[in-house]
Amino acid sequence: MAKRRKLEAPTADDLSRIEEEFRRETQGRKSAMAPISQVAAEAAEAHEVAPAQQRAKQAKDSADAERLRRAQEQGLVMLELPLGVIEADAMVRDRTVIDPEEMTELQTSIAANGLRLPIEVYLLGAGADAVDTPRYGLLSGYRRLMAVRNLRALTEQGKYDTIKAVLRDPEAMGGAFAAMVEENEVRASLSQFERGRIAVIAAQQGAFANTEEAVNALFPAASKAKRSKIRSFALIFEELGDMLRFPEALKEREGLRVAAALRMGGEARLREVLASDAGETPDLEWDLIAAALAEFEAKEKDRSRGGRPKTALPKPGWQGADTLRLSSGVTLRKQADSRGYLIRLEGKPVNADLVDMIMVELQNLLEKP
């Protein structure tokens with residue numbers, strides 16, 4: 001049987017010697033800690049915890065910045081923009097004519113009282129001169145922008161270098177067109193031609209599927225008869241807009257008459273007379289149009305064409321006491337029932353637009369002065 005070895009406790013000198021040797025052997029060795037743990041530990045040691053008051057201030061600044069961004073996105077923040085970063089013609093304007101007297105009056109008001117109502121803009125992107133310089137397209141406030149630019153040119157005063165603006169973010173071009181039309185309808189009613197023109201342009205630029213949809217979306221509060229008239233002037237812009245010199249001078253009744261002629265094929269003759277350059281004033285231009293309309297309306301249909309013979313229409317005029325036939329092919333029949341009198345419209349030219357136009361004429365005829 002092996003003899004057991006007797007263990008003896010180390011003395012104080014032995015412990016000191018062992019500790020010294022261990023220190024010499026481990027001096028200069030790298031830590032066994034994993035690299036990612038070592039980096040985290042060093043970062044934690046380097047980071048100084050800010051006092052509670054400073055942390056509260058940082059949190060408030062962050063919250064304020066977030067609220068400011070939200071308010072700016074909602075159009076609740078007023079900007080002060082240099083005139084040079086605003087593109088007035090970034091989108092086609094609905095208003096085609098600016099009255100000089102109204103512009104002078106607006107400039108005088110701004111010079112005396114400042115600009116009380118800001119313009120509305122939308123972000124276009126960075127400018128070519130600097131990466132961080134945004135540019136803005138004008139959404140509404142064209143006359144206000146022009147007035148401030150005129151004042152800057154006339155006075156050369158620094159206070160007119162900038163203009164108050166609200167940033168908008170239309171979800172689609174349709175929203176931009178609608179906002180512009182709404183602003184001008186409220187401040188200064190558009191002419192019928194301007195209404196029809198902007199509806200056509202909005203449809204052509206893809207904001208709406210067609211002119212019909214554009215009219216309905218841009219003028220949702222208008223009555224059915226009013227939208228019908230806007231569509232008539234839209235037709236005038238489409239067919240004759242490049243020829244007319246004074247389209248805004250067309251009165252409502254005149255425009256409806258022109259639209260009716262266009263629907264029945266009068267475009268070629270109207271363009272022919274307008275190309276004569278004789279309409280140097282609004283009155284002279286209308287005289288040309290009226291003469292062409294008279295020719296077209298009085299012209300009899302050519303029955304000499306080949307093909308299947310057509311049934312001869314009765315001559316225009318009264319056919320008895322209750323029926324009136326017109327040269328346009330429309331027949332009016334007078335009827336009566338227990339509730340009153342009726343006028344029935346018959347014939348190929350009769351459509352919804354014609355009925356709407358007749359309703360407007362009856363309103364003008366029967367309305368009290």
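The values are calculated or read from the model by the stated rules, or taken from the named source; none is laboratory data. Since the structure is predicted, the reported quantities are computational estimates derived from the model, not experimental observations. Methodologically, a virtual Cβ is constructed for each residue, glycine included, from the backbone with ideal geometry; neighbour enumeration extends over all protein chains shown. Ligands, DNA and RNA are stripped out before the accessible areas are found, and what is left, the full protein with its side chains, is counted by its heavy atoms. Shrake-Rupley method; radii C 1.70, N 1.55, O 1.52, S 1.80 Å.
Scanning segment 213-225 for residues that are farther than 20 Å from GLU252 by Cβ and surrounded by fewer than 15 Cβ atoms within 10 Å (Cβ to Cβ) gives a single hit, PRO220. Go through segment 226-239 and count every residue that is closer than 29 Å to ALA268 by Cβ and either open to solvent by 10 Å² or more (accessible area, probe 1.4 Å) or acidic (Asp, Glu) (or both). Total satisfying the criteria: 7. In segment 286-297, the condition of being at pLDDT 85 or above, open to solvent by less than 60 Å² (accessible area, probe 1.4 Å), under 21 Å from PHE193 (Cα atoms) and within 33 Å of the chain's Cα centre (by Cα) is met by at least one residue.
I'd like to verify a number: residues in segment 184-207 that are at pLDDT 80 or above and not β-branched (Val, Ile, Thr), how many? Working first, answer last.
Pass one, segment 184-207, residues at pLDDT 80 or above: 191-200.
Remaining after also requiring not β-branched (Val, Ile, Thr): 191-197, 199.
Within segment 184-207, residues that are at pLDDT 80 or above and not β-branched (Val, Ile, Thr) number 8.
Taking every residue in segment 333-357 that is more than 22 Å from GLY320 (Cβ to Cβ) and of a type outside the set (Ser, Thr, Tyr) and pairing it with any residue that is open to solvent by 60 Å² or more (accessible area, probe 1.4 Å) and not in a strand (DSSP E or B), at least 6 positions away or on another chain, yields no pair with a Cβ-Cβ distance below 6 Å.
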